[in-house]
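One structure below.
The values are calculated or read from the model by the stated rules, or taken from the named source; none is laboratory data. These numbers come from a predicted model, not from an experiment. Using ideal geometry, Cβ is built from the backbone for each residue, glycine included, and neighbour counts are taken over all protein chains shown.
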Amino acid sequence: MNCMVAQSGGPTVAINASLAGVLEMNRKTNHFSIVYGTINGIIGVLEERFLNLSEKMENDASFTKRLIHSPAMYLGSCRYKLPKGDEGQEKYQEIFKVFEKLEIDTFFYIGGNDSMDTVDKLSQYAKAHALPVKIIGIPKTIDNDLVKIDHTPGFGSAAKYVAASVREVAMDAYIYAVKSVTIVEIMGRDAGWLTAASALARTKHSPAPDLIYLPEVPFDLDKCIQDTRSLLEGKNTVVIAMSEGIRDKNGDYISTADSASDIFGHNHLSGAGKTLEGLLKNALQVKVRSIEINVLQRAAAHMASETDLMESELLGENAFSLAMEGKTGLMSILTRESSNPYKVAYSSWPVSEIANQVKSVPREWINEDGNDVTKEMVDYLNPLIQGEPDVPYVDGLPDYLPVEHLYPNR
């Protein structure tokens, strides 16, 4: 009896910690003979590209410890949408033939919203055809937009990186005695959780970011110009944090949205910060620059949250326990029991009630003017960025697990 683990969607600092959680639970219990890792998500299953992770653990006693502190995705990723219902049944047949061939009892899929869609579809297919394979979802996404879970693995570390970066950007901006505006564009197409984390950058000496714009509230350009002008009357420097997906009152992105979209229907956004830079420069006639953090916030293991890594590993362990109990069609979740002192509990939720849903920032956690967040948001965020892991360094740089299996043609 074996199991298989795959990763999908966008990378994070913490996704490999969940993989390590599965591996460590199998080391403790010997529940599965072999843990297979699938290269490039569900596509790797279809193309039969695997790693024997049990073998890697036997050959390297430090494998899981290094895995926890390595960013991105050790097994690689994909963005592949399984067909619905009776469409493309041959794909499902291929997948479950592979499961049968490798004697797979449980398939663990680590990912975000689109990945949970895959977990749901595979679970439904297995149930409809009385197939014994258990399908379990393990959450991750820096966007923090999965429902039924207090927060997602990867978000805490990305939030820590965003807050630290905005604090450093502000210190850089303060050095010049000229009127200036610095715009920091942060990932978040539909949910503004990451941008909200910029509020953690503030200190008693620095109010930056001075303005915060999330996609949950319609963006009013005239009000933004007015607020920025008013702030510049009393200070030299204004720092603005904004989500890449902010929209106007008509629901249109202020940035350029490509006519093309990915297979999950997500628009390709381009340059919200750059767009606002030009608009403010023309309106205010001061120095304006924009910075797009982009993928840097996704895999900055040197700025990881120890809390995030620990919880991610435990969510992997919890998913393994669900499989041992014979459960299927579930996602491993955590629920916050207290913020001070911080305490969470681990359980599960039917993935059918999670897939294709989006958790937005509550409106009451955004101020009335729609240009800042409230204390409730800060209290929610603060526990998630705590702790600094002991990242190994070699020759002055972080030492991560090699991923030569992801570039076989190099």
From K160, K101, K140, K97, residue being buried (at least 24 other Cβ atoms within 10 Å of the Cβ) and under 21 Å from G37 (Cβ atoms): K140
Every residue from region 49-64 that is surrounded by fewer than 17 Cβ atoms within 10 Å (Cβ to Cβ) and part of a strand (DSSP E or B): N52
Selection from region 26-48 of residues that are assigned to a helix (DSSP H, G or I), surrounded by fewer than 22 Cβ atoms within 10 Å (Cβ to Cβ) and either within 20 Å of the chain's Cα centre (by Cα) or among the hydrophobic types (A, V, I, L, M, F, W, C) (or both): I43, L46
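Okay, residues lined up against (1) free of Cβ contacts under 8 Å to residues at least 12 places away in the same chain; (2) outside any helix (DSSP H, G or I); (3) closer than 19 Å to M187 by Cβ:
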site: K81; (1), (2), (3): no, yes, no
site: Q93; (1), (2), (3): yes, no, no
site: Y109; (1), (2), (3): no, yes, no
site: Y125; (1), (2), (3): no, no, no
site: P132; (1), (2), (3): no, yes, no
site: L146; (1), (2), (3): no, yes, yes
site: A158; (1), (2), (3): no, no, yes
site: V166; (1), (2), (3): no, no, yes
Test result for S305, touching a residue at least 12 places away in the same chain (Cβ under 8 Å) and crowded, with 17+ Cβ neighbours inside 10 Å: yes
Filtered residue count, region 179-209, keeping only those that are of a type in the set (A, V, I, L, M, F, W, C), over 16 Å from N371 (Cβ atoms) and in a loop (DSSP other than H, G, I, E, B): 2
So Y346, is it in contact (Cβ under 8 Å) with a residue 40 or more places away in the chain, outside the structural domain of T275 (by TED's automatic domain parsing) and among the aromatic types (F, W, Y): no
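Counting only residues that are modelled with pLDDT of 95 or more and under 17 Å from G156 (Cα atoms), give me the strands (runs of 3 or more DSSP E) lying completely in region 266-378 with at least 2 of them. Give the derivation first.
Numbers: elements: 267-270, 287-292, 330-339, 342-350.
Strands (runs of 3 or more DSSP E) meeting the threshold: 330-339, 342-350.
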Qualifying residue in region 189-208 (condition: surrounded by 24 or more Cβ atoms within 10 Å (Cβ to Cβ), in contact with an Asp or Glu (Cβ under 6 Å, 6 or more places away or on another chain), of a type outside the set (A, V, I, L, M, F, W, C) and in contact (Cβ under 8 Å) with a residue 24 or more places away in the chain): yes
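Quick one: is L67 in a loop (DSSP other than H, G, I, E, B) and in contact with a helix residue (DSSP H, G or I) (Cβ under 6 Å, 6 or more places away or on another chain)? Spell out how you get there, then give the answer.
Values: in a loop (DSSP other than H, G, I, E, B): no; in contact with a helix residue (DSSP H, G or I) (Cβ under 6 Å, 6 or more places away or on another chain): yes.
So L67 fails the test.
Going by the structure shown, is V98 on the phi < 0 side of the Ramachandran plot, touching a strand residue (DSSP E or B) at 6+ places or on another chain (Cβ under 6 Å) and in a helix (DSSP H, G or I)?
Details: on the phi < 0 side of the Ramachandran plot: yes; touching a strand residue (DSSP E or B) at 6+ places or on another chain (Cβ under 6 Å): no; in a helix (DSSP H, G or I): yes.
In short, no.
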